[in-house]
Amino acid sequence: MAKTINNDDWLWVVVQDPGGKEQFLGQQEKESNISFIPMFKQKEDALMCMSLMTRDKKIKYEPQAVIYSELKEQTANSGFLLYLLDSEGRVIEK
C-alpha cells in the first residue's frame, strides 16, 4: 500500500471516557487476532464507523483529532497497530 499519511497530519480516533481516564478505542481483527487502533482522515468517517466498533455501551465515546506523530508515539509500546479506515470500516492503510 502507498503511504498516505505524514507525521504532521491530523487524524481522527475514537476516544473512550473523554475527560476522564481517556484512552484510544482499540479493536481486534477476528481472523488474525491483531489488536489495532482505527484512525480516520475525516471526523465524519469516524462517526460513521463508531456503530461498527466493539464498544461498552456504559462508556462514553467521541472522535478526537490527534497529530499522527503523537499517535504513533503513544501507541508504540501498547501492542496495538494503527489502521487507517474509510467511512465503511474498510482498511485503507496499515
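The values are calculated or read from the model by the stated rules, or taken from the named source; none is laboratory data. For clarity, every value in this text was computed on a predicted model and none was experimentally measured. Positions of Cβ are backbone-derived with ideal geometry, glycine not excepted, and every protein chain shown enters the neighbour counts. Protein only, heavy atoms only, side chains kept; ligands, DNA and RNA dropped before computing areas. Shrake-Rupley method; radii C 1.70, N 1.55, O 1.52, S 1.80 Å.
Within the assembled protein chains, the solvent-accessible surface assigned to Arg55 is about 70 Å², based on a 1.4 Å probe.
On the chain, 48 percent of the accessible area sits on carbon and sulfur atoms, based on a 1.4 Å probe.
Report the gain in length on full extension from Lys60 to Glu93: 0.36 nm times residue separation, minus Cα-Cα distance, nm rounded to one decimal.
Extra length from Lys60 to Glu93 when fully extended: 9.2 nm.
Compute the normalised compactness of the chain: alpha-carbon radius of gyration over 2.2 N^0.38 Å, N being the residue count. All intermediate terms of the calculation are to be shown ahead of the outcome.
Working: Rg = 12.4 Å, N = 94, 2.2 N^0.38 = 12.4 Å.
Cα Rg divided by the expected 2.2 N^0.38 Å: 1.00.
Would you tally the net charge around Ile67, using a Cβ to Cβ cut-off of less than 14 Å, leaving Ile67 out, and scoring K and R as +1, D and E as -1? Combined, the nearby Lys, Arg, Asp and Glu give -2. Length gained on full extension, Ser78 to Lys30, computed as 0.36 nm times the residue gap minus the Cα-Cα distance: 15.4 nm.
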